[in-house]
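*Asks:* Structure below; questions to follow.
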Amino acid sequence: MIGTLLNVAGILAGGTLGLIRPRPLPLASQMFCKSALGAFTVLAGLRLTWQSTHGTPGQVLGQVGIVLLAIVLGRLTGRILHLQKLSNRLGQTARKLIATAHPNHPDRFQHGFTTCSLLFCAAPLGILGAIQDGLVEYHLPLIIKTVMDALATISFAAMFGPGVFLSALPVLIFQGTITLACALFLQPFLLAHALLDPVNAAGGLLLVCLSLIIFEIKRVEVTDYLPSLILAPLLSWLFR
């Protein structure tokens, strides 16, 4: 759970900084952080996919082809299940609370907790990072999310006050539960059947998709692609 614990620490640190210095970062600093996070996300995704493909060039192409098929079918599954719509609905609720934020609002503390909890827990990077943390102790996705959440919490703390600190608790419970479940139950099963690499390869490509959002190149509905993490090992087993 190192990644999740770092995420919690980032939220607390960002909230503290936001209360001490209730001013947004300069625009130049924001652009630099966005570019650095985007580049780091691409690197983390490609590294994970590269480490998860093995064998001859033909075998690697076959493995990548199966993962790409899993991503295509995963998106169809996600759209059928309306995963992205659910995520968008949570985001819209958070945006409404942000729009009504005011220093003298009677529910300012509660709104800060609710807004940060929704945004930090509904982020697909949190789910993907918690899975990778539990399966192979790959912390880079959650380290990226830690920086993003810390920067966001600086602004939210100035907007909502100390209520943002409590959002660290649902993040700890939500991501920690996913990580522990993957480490205790899913990882032994995948290792026993040699199906861990397809999950990691699919996760790496999803990280690359997330970088497109960070760079504001394309609005990819990443939440709809999350079922590909289940389909990748299933297809790999079927095509053996």
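*Asks:* Of the residues Ala168, Ala201, Ala158, which is at pLDDT below 90, part of a helix (DSSP H, G or I) and aliphatic (A, V, I, L, M)?
*Replies:* Ala158
*Asks:* Then there's this: Is it true that Leu25 is of a type outside the set (Asp, Glu), closer than 18 Å to Leu205 by Cβ and in contact (Cβ under 8 Å) with a residue 60 or more places away in the chain?
*Replies:* The answer is no for Leu25.
*Asks:* Still on this model: Among (1) over 22 Å from Thr16 (Cα atoms); (2) of a type in the set (D, E, K, R); (3) touching a residue at least 60 places away in the same chain (Cβ under 8 Å), which single condition is Lys96 missing?
*Replies:* Answer for Lys96: the failing condition is (3).
*Asks:* Name the single residue, out of those in the stretch 52-66 being among the polar types (S, T, N, Q) and surrounded by 15 or more Cβ atoms within 10 Å (Cβ to Cβ), that is farthest from Ile230 (Cα to Cα).
*Replies:* The qualifying residue farthest from Ile230 (Cα to Cα) is Thr53.
*Asks:* If you don't mind, another one. Can you find even one residue in the stretch 157-166 that is under 12 Å from the mean Cα position of the chain (by Cα) and closer than 30 Å to Pro22 by Cβ?
*Replies:* Looking through the stretch 157-166, none of the residues is under 12 Å from the mean Cα position of the chain (by Cα) and closer than 30 Å to Pro22 by Cβ.
*Asks:* Which of the helices (runs of 4 or more DSSP H) found entirely inside the stretch 20-136 contain at least 2 residues meeting this: modelled with pLDDT under 90?
*Replies:* Answer list for the stretch 20-136: 27-51, 57-81, 83-99, 108-122.
*Asks:* Between residues in the stretch 212-223 that are in a loop (DSSP other than H, G, I, E, B) and residues that are among the hydroxyl-bearing types (Ser, Thr, Tyr), which pairs lie under 8 Å by C-beta distance while being six or more apart or on different chains?
*Replies:* Phe215/Ser35
*Asks:* Still on this structure, I have one more. Restricting the stretch 67-100 to residues that are surrounded by 19 or more Cβ atoms within 10 Å (Cβ to Cβ) and among the aliphatic types (A, V, I, L, M), which is farthest from the chain's Cα centre (by Cα)?
*Replies:* Leu97
*Asks:* In the stretch 151-207, what count of residues is obtained for those that are of a type in the set (S, T, N, Q) and crowded, with 19+ Cβ neighbours inside 10 Å?
*Replies:* 5
*Asks:* While we're on this one: Residue under question is Leu180, and the condition is that it be assigned to a helix (DSSP H, G or I) and over 25 Å from Gly18 (Cα atoms); does it hold?
*Replies:* When the stated conditions are applied, Leu180 passes them.
The values are calculated or read from the model by the stated rules, or taken from the named source; none is laboratory data. Note that the structure is a prediction, hence the values are computed from the model and not measured. Here the Cβ is made from the backbone with ideal geometry for all residues, glycine too, and neighbour counts use every protein chain on show.
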